[in-house]
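Only one structure is covered here, and it is reproduced in the block below.
The values are calculated or read from the model by the stated rules, or taken from the named source; none is laboratory data. Everything numeric here is computed off the predicted structure, so don't read it as measured data. Methodologically, a virtual Cβ is constructed for each residue, glycine included, from the backbone with ideal geometry; neighbour enumeration extends over all protein chains shown.
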Amino acid sequence: MRRIPLALCLCVVLCGAARPSQLLDGVAAVVGDEPVLVSEVEAYMLMRLNESKTRPDVNEQARLRRQYLDEIVEGKVLLAHARKDSTISVRADEVDAAQADHLGRLMKANEWSEEDLARELAAQGLTLARFKSQLRRSIEEQLLRRNVQQRYMADVHVGRPEVEAFYRQYRDSLPSVGTSYRLRRLVLNVPTPDSVRQAAYARIKSVKTRLDNGEVFENVARQFSDDPSAANGGDLGFVSKGTLSELAFEEAAFALQPGQVSDIVETRLGFHILKAVAKKDQRVHILQILVSVRAPQEVAGAVTARLDSIRASCTTEPAFADAVRRFSTEGRTKARGGDAGWVSSLEFASEFKVAFDSLAVGQVSKPLHEGDALVLLYVSDYAADRQLSLENDYDLLAEKAKDILAQKKLAELVRRWREDLYIDIRLE
C-alpha cells in the first residue's frame with residue numbers, strides 16, 4: 001500500500017487553518033477578518049503540484065502561486081457566505097465520520113498505530129490533540145463550502161440546445177474514450193436458495209447493529225463488505241442518476257442526504273447498507289457495505305450450460321437480439337434487444353478484459369459472471385480510439401455541459417459575494 005508522506009498530509013490538514021495569533025510568516029491576502037498566510041499558499045501549492053505530478057520552472061511557479069491564492073480566496077468567500085447563511089450547516093456526526101476516516105486511512109497507509117502517528121507529529125512540532133483539532137476544523141470548513149456549492153448549483157439544468165452548444169464549442173478538446181465496443185447483453189439471473197439468503201440477511205443485520213451502535217461506516221465496510229470497494233472503506237465515488245442497473249440501490253442512494261445511512265437494501269447482488277457522503281446535481285457520492293448472496297456452484301453451472309446453448313445458436317446479430325427478448329432477465333436492455341451502446345474498455349472488470357482480448361466484431365463472449373448473474377456479450381462494433389459524439393454519448397455530454405454551466409454560475413455568485421467582503425491581495 002502506498003505510504004502517505006506526513007508533510008503532505010499536514011499541508012492538506014493545516015491549509016486554511018491559520019488564525020491571527022499565528023501570523024509568523026507573512027500575509028498573502030485578507031478575506032473579511034481572516035488572513036491567508038504565505039505558508040498556507042505554499043502548502044496548497046505543494047499539494048496541487050503533488051497531485052498533478054508536475055515540476056514547473058520558477059516563472060511558472062510564480063503564475064501558479066497567484067492562481068492558487070485566487071482559489072484559496074474563492075474558498076474563503078464561499079466559507080464566509082456559508083457562515084452568514086443560517087440554513088447552511090454541517091452535522092457534527094458527519095464531521096466525526098470524515099475525521100475518523102481521514103485518520104484511519106492515514107494510519108493504515110503508513111502502517112501506524114495512533115502512538116506512531118503521535119510520534120511522527122511530535123517530530124514536526126505538533127501534538128496529536130492539536131492535529132485532530134485542526135483536522136476537524138479543516139473538514140468542517142470543506143463540508144460547509146461543499147454545501148454552499150450544492151445549494152446554489154442544484155437548480156442548473158441543461159436541455160438539448162445547451163448540450164449541442166457545449167459540443168460545438170468543446171468537441172475538438174474533448175478527450176477520446178479510447179478502445180470501445182458497442183455491445184448487446186443477454187443476462188440470466190442465477191437463483192439462490194432461501195437458506196443462503198437467510199444467512200446473508202442475518203449477517204447484514206449484525207452489520208447494521210454495529211453501525212447503529214456508533215461504529216465508523218468505513219471501518220465496518222473494510223471488515224465485513226464483500227464488495228471490492230471494501231479496501232477503500234466501501235467508497236464507490238460519485239454515481240449519476242439513471243446509470244445504475246439496480247433500481248432499488250439507486251432509489252435508496254438518491255433518497256439519502258449527506259451523512260445519512262440507509263436501512264438494509266436488497267438487490268440481486270445481495271444486501272446493501274449505503275451512506276451518502278455528498279450530493280451534486282444528479283450525482284451522489286456513496287459508500288456501501290455489501291453482503292452478497294451467491295448461489296451454489298451447481299446452480300450456476302446449470303445456468304452456464306443454458307447460456308452456452310443460447311450462444312451456439314446465435315450466429316448473427318438479429319438472432320442474438322431475438323434471444324435477448326426471449327430469455328434475458330435484465331429489464332433495462334431487454335426491450336432493445338440487449339443494446340447497451342458503446343462501452344469503453346476502461347470500464348470492464350478484469351474478467352471482461354480477458355474475454356474481449358480474443359473477440360472480434362460479430363462474436364459472442366463466453367458466459368461471464370456479473371454479480372449474481374451470468375451474461376453473454378455480443379460485439380456489434382469496435383473502435384480503437386473512439387471520439388465522443390452527440391449520437392452515442394449524449395448523457396455524458398449533458399453531464400459535462402451541466403458541470404460547465406454550474407461552474408460559471410458559481411463563479412458569478414462568488415464575484416457578487418466578494419463585493420460584500422473586505423479583500424486585500426498582498427502577494428505579488
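Brief remarks on what is shown
- Hits in the stretch 363-383 - residues which are in contact with a Phe, Trp or Tyr (Cβ under 8 Å, 6 or more places away or on another chain) and not in a strand (DSSP E or B): Gln363, Ser365
- Qualifying position, being farther than 30 Å from Lys402 by Cα and either assigned by TED's automatic domain parsing to the domain that holds Lys334 or free of Cβ contacts under 8 Å to residues at least 60 places away in the same chain (or both), among Asp226, Asp194, Asp235: Asp194
- With respect to the stated conditions, Arg83 fails to be closer than 30 Å to Asp424 by Cα, of a type in the set (D, E, K, R), exposed (fewer than 15 other Cβ atoms within 10 Å of the Cβ) and free of Cβ contacts under 8 Å to residues at least 24 places away in the same chain.
- Matching option when the condition is outside the structural domain of Lys76 (by TED's automatic domain parsing) and not basic (Lys, Arg), among Gln150, Gln169: Gln169
- Single condition Gly301 does not satisfy, out of (1) within 30 Å of Met153 (Cα to Cα); (2) without any contact (Cβ under 8 Å) to a residue 12 or more places away in the chain: (1)
- Test: residue in the stretch 32-50 that is acidic (Asp, Glu), part of a loop (DSSP other than H, G, I, E, B) and farther than 25 Å from Lys279 by Cα: yes
- Candidates Ala165, Ala129, Ala154 - the one that is surrounded by fewer than 18 Cβ atoms within 10 Å (Cβ to Cβ), hydrophobic (A, V, I, L, M, F, W, C) and more than 30 Å from Ala82 (Cβ to Cβ): Ala165
- Residues that are acidic (Asp, Glu), surrounded by 16 or more Cβ atoms within 10 Å (Cβ to Cβ) and farther than 14 Å from Ala100 by Cα, drawn from the stretch 208-231: Asp226, Asp227
Residues checked against (1) without any contact (Cβ under 8 Å) to a residue 60 or more places away in the chain; (2) of a type in the set (S, T, N, Q); (3) within 30 Å of Arg83 (Cα to Cα):
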{"residue": "Gln363", "(1), (2), (3)": "yes, yes, no"}
{"residue": "Leu368", "(1), (2), (3)": "yes, no, no"}
{"residue": "Ile404", "(1), (2), (3)": "no, no, yes"}
{"residue": "Arg415", "(1), (2), (3)": "yes, no, yes"}
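- Matching residues in the stretch 83-97 - criterion: being within 24 Å of the chain's Cα centre (by Cα) and part of a helix (DSSP H, G or I): Ala92, Asp93, Glu94, Val95, Asp96, Ala97
- All conditions but one from (1) at pLDDT 85 or above; (2) crowded, with 20+ Cβ neighbours inside 10 Å; (3) touching a Leu at 6+ places or on another chain (Cβ under 8 Å) apply to Lys76; the one that does not is (3).
- Screening Leu236 on (1) at pLDDT below 85; (2) farther than 30 Å from Leu307 by Cα; (3) not acidic (Asp, Glu) shows it passes everything except condition (1).
- Every residue from the stretch 273-287 that is buried (at least 23 other Cβ atoms within 10 Å of the Cβ), over 12 Å from the mean Cα position of the chain (by Cα) and touching a residue at least 40 places away in the same chain (Cβ under 8 Å): Ile273, Lys275
- Some residue of the stretch 135-151 being part of a loop (DSSP other than H, G, I, E, B) and under 25 Å from the mean Cα position of the chain (by Cα): no
- Test set (1) touching a residue at least 60 places away in the same chain (Cβ under 8 Å); (2) within 23 Å of Asp393 (Cβ to Cβ) - Leu307 fails condition number: (2)
- The stretch 312-350, residues that are hydroxyl-bearing (Ser, Thr, Tyr), in a helix (DSSP H, G or I) and under 28 Å from Asp385 (Cα atoms): Thr333, Ser345, Ser350
- Filtered residues of the stretch 236-295 (kept if hydrophobic (A, V, I, L, M, F, W, C), over 26 Å from Asn147 (Cβ atoms) and not in a strand (DSSP E or B)): Leu247, Ala248, Ile264, Leu269, Val293, Ala295
- Residues considered: Ala401, Ala411, Ala355, Ala406. Of these, the only one that is closer than 30 Å to Val303 by Cα, part of a helix (DSSP H, G or I) and among the hydrophobic types (A, V, I, L, M, F, W, C) is Ala355.
- Odd one out for Gly337 among (1) within 20 Å of Ser180 (Cα to Cα); (2) in the same structural domain as Leu244 (by TED's automatic domain parsing): (2)
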